[in-house]
Amino acid sequence: MTFAPAPLFILSFRQRDELASLAAGAGWQVVAARRVGGAERRFLSSGASVAVIDARGAPEEGLAAAKLLGGAVEANGGAMIVLVSRGEGATIAALYDAGATHFLASPFSDAELLQALRFAARHAERMAREWQAGPAFAPLGWRYDLLTRGVVLTAGLAALLGTDEEPSVRALLRRYDPEDRAAALAALRRMSSARPATAFAHDLAGVGRVVQHLQFDPGEHRIDAVVEPLGSAPEPAAEMREALAGARDAGSARRWLTRRLSGAGEAPLCAMLIALNRFDMVNTAYGRTVGDALLRAAQKRVEDVVQEVLGRDALVARMSGSTFVVAGTAPRARIDLAAERIAGELARPFVTGESIAVLGCRIGLAEALADDSAASLLRRASEALAEARDSDSATMRVADSGGEGGHAQIDRLAVDLNHAMERGEIGILFQPQVSASSGAIVGVEALARWEHGVLGSIGAETLFAAAARADLEIGLSDHIQKLVLAQAAAWPAALAGLRLALNLTAADIARPGFADLFLDRVDASGFPRNRLTLEITESGLIEDLGIASTLLSVMRGAGCRIAIDDFGTGYSSLAYLKALPLDYLKIDKKLAQDITGSPRDRIVVRGVIDMARSLGLTVIAEGVETDAQLEALAKEGCQIYQGFLCSEAVSVPALTALLANAASTGPR
Ligand code: C2E
Ligand code: CA
Ligand code: CA
């Protein structure tokens, strides 16, 4: 191994100078520190891929330092070697959790320390090479237990095959064509204690030709299989596998970035690192299970915003601990918008069991430069993040600009919104509502979109956030209601049987005289009142239950039906269900998707459906994306569903085509 002088970061509370001179003597370019404060930034700016933390005699401070540096080391694919005193080994597990990659226990000789440094450097090099080269294989595989005869698939393979993770063996074998099935069975028969490893090849839909490496473990009575795509799998397939495997960890993120950086043209690539505030405190106070659930909830919020603002093509990954990375090629304005929305979403409280945790986040953002590597891009984003952390006021920092991020994008949108309505940039799409039993489309929900001249299509959440900023909520609501009613009144005959659901905002409900104004508007449009459903969220009702209740009674008396929207998010109150005149209960997509989650999650969904039905309400599940979700929800008594499984929100012509299609193919 050639050994050019490489930077090395050393943090030692007591022996900084001795360690520094030892390493310098061995050819390292040393940056040394004696205090934890600011260590993250100093490590990042040192350019080192190896950090040494000398925790001898100071286990607590050492652990604090490891936690502080863990994210940065991981984000930069480096190594962290911790020097510990023998007898202080109890902290090792915690150090490992914090991101340490190597240990050296005292007493040790100078030579041993230098060797440990070289090992750590080699580890960092290997990591760097791995990100460049891409994964040897995405985690596709399975394990068969000879005693229980059960098979368990990795999440990646299950997603690829569209089955759950513990399918029946017979159902799996049925998926092979006869020739491949014979090869699979022959391979299984070939294996024995004397011959514990074998392989066979076959076609796998979505991936192409793959080889399965089987390993028989007689002691454990099981067979492990790793599924490896043959030849040089094309990039899109690799990306798809990773996405499906949910394997969006730091390594996967780096490979994604490397691929994108090598792609020419397009808009510039931006990466942001998002660190949750106060996560450590919550984790300590409530324990790991709650902490993990919270991280998943936070990741989901980030994913939802990214999907809406940057599209499905963008990257969301967990880096380490409580840091996420988001990246995408989009105009800077759109990236800033995503960052603002993410900051807003993570500032909302998280409900964890009995408690409510308020976290918030800091964001560091960097834009790719010519000849950037994934490592250098992430390093700049980490530097920006460290700056944001050091600042009391700024949630977001942008690398290389010195400027603070803020709400500039949403403010700009707020200014644009006035013109948007005049210019007809606000459009309406309709999402089908489907009978869970017959598969027939029985209605639609109107959802607004903004076709922004510069930024392209903008989702409803952002649209309403801009309206709130501009104090244009009522104006926007009026505008949308008129559009929806006008469009629906002009629907082609094929859509004449559908109900139309329209969202009302809290501002609408609080408006004096709204009921009359709205009903006049409906009548003027010509759309029949009795095919109209008004969707109202709890936050819309919370202001004044008395006013809301009167309004809903008037609407209902006039022939409209009422749905309570987003049920199961935030602070759902059962009091409303009894107090208000309602027809439908819409289970929020986050809750609805829990139906295929843990048994505990399922109990909650089941309870909500039961309760709603006992009150005589029709249950609509939102955000149904998979057959498994639909099946489980229908089994629990949910009558109508809405979600990508059937269709996203679409234009009137597309909706007409959907209906024609459903009519010709019969119920699904
Ligand atoms: P919502 O009323 O809960 O609408 C459902 C949202 O979930 C829609 O997002 C829809 O596109 C999305 N969605 C539908 N199926 C799926 C699925 O299978 N998976 C996932 N992940 N998402 C799904 P959208 O259109 O962005 O609307 C967001 C929210 O903005 C709406 O939530 C509603 O509260 C509000 N909104 C949208 N359009 C209007 C409108 O015209 N007027 C008013 N007042 N509010 C609107
Ligand atoms: Ca709704
Ligand atoms: Ca909803």
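The values are calculated or read from the model by the stated rules, or taken from the named source; none is laboratory data. For clarity, every value in this text was computed on a predicted model and none was experimentally measured. With ideal geometry, Cβ positions are generated from the backbone for all residues, glycine too; neighbour counts draw on all protein chains shown. What goes into the accessible areas is simple: the full protein's heavy atoms, side chains included, and nothing from ligands, DNA or RNA. Shrake-Rupley method; radii C 1.70, N 1.55, O 1.52, S 1.80 Å.
The table below gives the values:
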{"quantity": "Integer Hz, Karplus 6.51/-1.76/1.60 couplings in order for the stretch 114-126, x for Gly and Pro", "calculated": "5, 5, 4, 4, 5, 4, 4, 5, 5, 4, 4, 4, 5"}
{"quantity": "Exposure rule at most 15 other beta-carbon atoms within 10 Å, DSSP loop GluC sites (Glu not before Pro): the chain longest free segment", "calculated": "355-542"}
{"quantity": "For the stretch 141-229: accessible area per residue (Å², 1.4 Å)", "calculated": "56"}
{"quantity": "Extreme residue, positive dipole direction of the chain, given options Ala23, Ile620, Val290 (C-beta unit charges)", "calculated": "Ala23"}
{"quantity": "Per principal axis, descending, Cα span of the stretch 516-668 in whole Å", "calculated": "43, 39, 22"}
{"quantity": "Rounded tilt (10° steps) of 599-614 against the dominant C-alpha axis of the chain", "calculated": "10"}
{"quantity": "For Ala33, distant residues with modelled amide H under 5 Å away", "calculated": "Ile10, Leu11, Ser12"}
{"quantity": "Three semi-axes of the equivalent ellipsoid, the stretch 7-133, Cα gyration tensor, whole Å, largest first", "calculated": "19, 17, 15"}
{"quantity": "Of all accessible heavy-atom area on the stretch 7-133, the percent that carbon and sulfur account for (1.4 Å)", "calculated": "50"}
{"quantity": "Rg to Rh quotient for the stretch 486-526, alpha carbon positions, Kirkwood Rh", "calculated": "1.05"}
{"quantity": "Alpha-carbon radius of gyration plus Dmax, which is the widest Cα pair, for the stretch 141-229 in Å", "calculated": "12.4, 35"}
{"quantity": "Per-selection Rg to Rh, the stretch 367-482 - Cα, Kirkwood hydrodynamic radius", "calculated": "1.15"}
{"quantity": "log10 of Debye I(q)/I(0), alpha-carbon scatterers only, for the stretch 250-402 at 0.12, 0.13, 0.15 Å⁻¹", "calculated": "-0.47, -0.55, -0.73"}
{"quantity": "Residues of the stretch 427-567: accessible area per residue with a 1.4 Å probe, Å²", "calculated": "38"}
{"quantity": "Principal-axis tilt of helix 59-75 within the chain, Cα atoms, nearest 10 degrees", "calculated": "70"}
{"quantity": "Cross-link pairs Lys586/Lys635; Lys67/Lys590; Lys300/Lys482 - those with Cα-Cα distance over 26 Å", "calculated": "Lys67/Lys590; Lys300/Lys482"}
{"quantity": "Using θ = phi - 60° and Karplus 6.51 cos²θ - 1.76 cosθ + 1.60, couplings along the stretch 191-204 (whole Hz; Gly, Pro as x)", "calculated": "6, 7, 4, 6, 10, x, 10, 8, 8, 8, 10, 6, 8, 10"}
{"quantity": "Loop-exposed chymotrypsin sites (Phe, Trp or Tyr not before Pro) per DSSP, neighbour cap 15 Cβ within 10 angstrom, longest uninterrupted part of the chain", "calculated": "109-570"}
{"quantity": "In Å, descending, principal axis extents of the Cα set of the chain", "calculated": "88, 65, 49"}
{"quantity": "The chain: angle of helix 178-190 to the longest principal axis, Cα-based, in degrees nearest 10", "calculated": "40"}
